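Novice: Could you have a look at this structure, given as structure tokens, before my questions?
Quick note: the coordinates plus some simple rules give every number you see, no bench work behind them. The shown structure was predicted, so the numbers you read here are calculated from the model rather than taken from an experiment. All Cβ positions, even for glycine, are placed from backbone atoms using ideal geometry, and neighbour counts span all protein chains on display.
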Amino acid sequence: MFRAILIPALVTVLALGGAAHADEAPAHGIAMNGEPALPADFTHFPYANPQAPKGGTITYCVVGSFDNLNPFILRSMRTTARGVIDSIFGNLVFEPLMRRSGAEPFSLYGLLAESVEMDDERTYAEFHIDPEAKWSDGEPVTPEDVIFTYQTFAEKGRPPYSSRMDRIEKIEKTGERSVRFTFNEQADREFPLIVALTPVIPAHAFDRETFDQATLKPVIGSGPYTIETVKPGERIVFQRNQDYWGEDVPSMRGFANYDRINIDYFLNGNAQFEAFKKGLCSAYAGAQYTGLEPSQIDRDFDFPAATNGDVVVKSFETKIPPVVTGFVFNTRREKFADPTVRRALSMLYDFGWVNANMFDGEYQRTLSYWQGSQLSALGNPANDVEKELLEPYADKVLPAVMDGTYGKGANEATGIDRDTMRQALSMLQEAGYRMEGGVLKNADGTPLSFEILIVSSEQERFAAVFQRTLRRLGIDVSLRLLDDSQIQQRKQTFDFDMIIAPVGFSGSLSPGIEQIGRWGSSSAKAEGSFNLAGVSDPAVDAMIDAMLNAGDEETYVAAVRALDRLLISGAYMVPMQHYTDEWIAYWNYLEHPETAPDNGYDLFAWWRKPE
């Protein structure tokens, strides 16, 4: 049973002088649109196995290095150890007030907070902390911890945590275990869910004065694991907290099944894969940004463990849009400030050749930021709601994008033909460039040239294809291979012309406030933000605002589609390709639930077979 304390929680607030609202009963969960799918007495998420055996060790392998254990600060932000909070391996140390279900677009259920109450307008949210919730050192989780978290993040934290107080009028303790957020006019309908998803830190274990300093001292959290061993840049080991408070919380049943989790670091993808083949790594999901490719399975999985069944290679169906990965233009650079230039260059990525020669024709061209879903502009002419939203910015959307015909036939492409080259050159000439002695130059006689930063041999293959086509138009493109720490620093300070990167950690059927961090004007110059392209456009800001404040599904879908049309037309990146399913290879001592989440699989719900 879900351990919600509804009437007692309300009485406690009244007894201690807090503001309670009898007409807004505390709820076990909240959804961005509509109601959460699971009832108040749910026992576990549908893609978790509550009978999964506990025990054993799993070793994850990643490429890169780490020099920090605090994931909430700007310093060493991109070189923080994996697992402390992690979208792939699970939030092992720090937890939020509520936990997201991977089987719904955007619904949250109780974790540190057993229940929440809000008004219909979502002007406030009051969270009632589970009386069992405690930190790994045995101290209880309190409203003071929640307040400390937000004050500390605002003063010393990194984006996006550092800006969350901007939308909060006040935070107050309303009971022994209750804390209330009152939102200001800058908040939107999604923001209470963002508050609920924000990890909470212990006030007694952090010094606010030194919070922004990188640390390798194991941090204290409320999660199912504690940090056992730290070998900077090489390995971090998490050990199950045998006194973990949340073992029986419904949203956590069936998760965190290992006694020990090792995360080992490797210099490059080749070393990582070789370690997996030798059994040093428990699972392998492919190269960073590209994932495990079917062509790689055909080519590289002929080693003994794979052929005799010790290694399993499996695909999982996904129900969410693919992660959009591609060549990101740094529009802060003058050479990429003109969207006409970006559109022309975007035409010259030879997807047809890449698909035929690298992927055996099994991939699809990525053209939309919510491809394959009702949120995508592809194949969908703008409806009346979209037209009204975009009317002030009509000149920023290409006609083919507006009428839904953009991208037709893209998957049948076989290469870059002469007509495409001529069209691209014509657009560049329209933007003020001219061909002179086989070199494309602007009006000042400066050649168009730029550098693409890469971090792996896989990225180099894609960049070389793009480079080859661009050189046919007299554009000088150089490639620079950097290690993981160098590339992270360049990304953090936006020190690049072009970079190959995803625009998000995962696709989503419920895009929200994170879109500000990826595309909003406020994040364009904020060091450490994920707005790598430097997008700063009132039209984009307006669509994000409409999306976040949509009161019904029709308006929400229209706002996201309108945003998709603006991003496609703005050509802020050259999207590459995607595969519709998620592949992963793993040693057969691992097991997973029969039911999968919408994103294909959740490693946090897997377990090790008993000996």
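Novice: From the list GLN467, GLN486, GLN515, GLN492, pick out the single residue that is surrounded by 20 or more Cβ atoms within 10 Å (Cβ to Cβ) and of a type outside the set (Ser, Thr, Tyr).
Specialist: Exactly one of GLN467, GLN486, GLN515, GLN492 is surrounded by 20 or more Cβ atoms within 10 Å (Cβ to Cβ) and of a type outside the set (Ser, Thr, Tyr), namely GLN515.
Novice: Could you tell me which numbered condition ASP537 fails, if it satisfies all but one of (1) over 18 Å from the mean Cα position of the chain (by Cα); (2) over 27 Å from ASP403 (Cβ atoms); (3) not small (Gly, Ala, Ser)?
Specialist: Single failed check for ASP537: (2).
Novice: Also, I was wondering about something else. Could you please give the count of residues in the stretch 93-121 that are in contact with a Leu (Cβ under 9 Å, 6 or more places away or on another chain) and either of a type outside the set (D, E, K, R) or part of a loop (DSSP other than H, G, I, E, B) (or both)?
Specialist: Counting residues in the stretch 93-121 that are in contact with a Leu (Cβ under 9 Å, 6 or more places away or on another chain) and either of a type outside the set (D, E, K, R) or part of a loop (DSSP other than H, G, I, E, B) (or both) gives 18.
Novice: Then there is this: How many residues are farther than 19 Å from PHE94 by Cβ and crowded, with 21+ Cβ neighbours inside 10 Å if we restrict to the stretch 243-253?
Specialist: Going through the stretch 243-253 one residue at a time, the tally reaches 1.
Novice: Need a quick list: helices (runs of 4 or more DSSP H) entirely within the stretch 384-446 having at least 3 residues that are in contact (Cβ under 8 Å) with a residue 60 or more places away in the chain and either hydroxyl-bearing (Ser, Thr, Tyr) or under 23 Å from GLY570 (Cβ atoms) (or both).
Specialist: Those helices (runs of 4 or more DSSP H) span 384-390, 418-430.
Novice: How about the stretch 133-153: which of its residues are within 20 Å of SER529 (Cα to Cα) and in contact with a Phe, Trp or Tyr (Cβ under 8 Å, 6 or more places away or on another chain)?
Specialist: If the condition is that a residue be within 20 Å of SER529 (Cα to Cα) and in contact with a Phe, Trp or Tyr (Cβ under 8 Å, 6 or more places away or on another chain), then THR152, PHE153 are the ones that fit.
Novice: Filter the stretch 391-414 down to the residues that are on the phi > 0 side of the Ramachandran plot and surrounded by 11 or more Cβ atoms within 10 Å (Cβ to Cβ) and list them by number.
Specialist: Selection gives GLY404, GLY407.
Novice: So, one more: Kindly indicate whether any position in the stretch 302-325 is without any contact (Cβ under 8 Å) to a residue 40 or more places away in the chain, of a type in the set (Phe, Trp, Tyr) and either in contact with a strand residue (DSSP E or B) (Cβ under 9 Å, 6 or more places away or on another chain) or not in a strand (DSSP E or B) (or both).
Specialist: yes
Novice: Can you list the strands (runs of 3 or more DSSP E) lying wholly within the stretch 210-272 that have 1 or more residues being of a type in the set (Phe, Trp, Tyr) and closer than 25 Å to GLY110 by Cα?
Specialist: 225-231, 235-240
Novice: Please tell me if ILE171 is within 24 Å of GLU139 (Cα to Cα), in a loop (DSSP other than H, G, I, E, B) and in contact with a helix residue (DSSP H, G or I) (Cβ under 7 Å, 6 or more places away or on another chain).
Specialist: no
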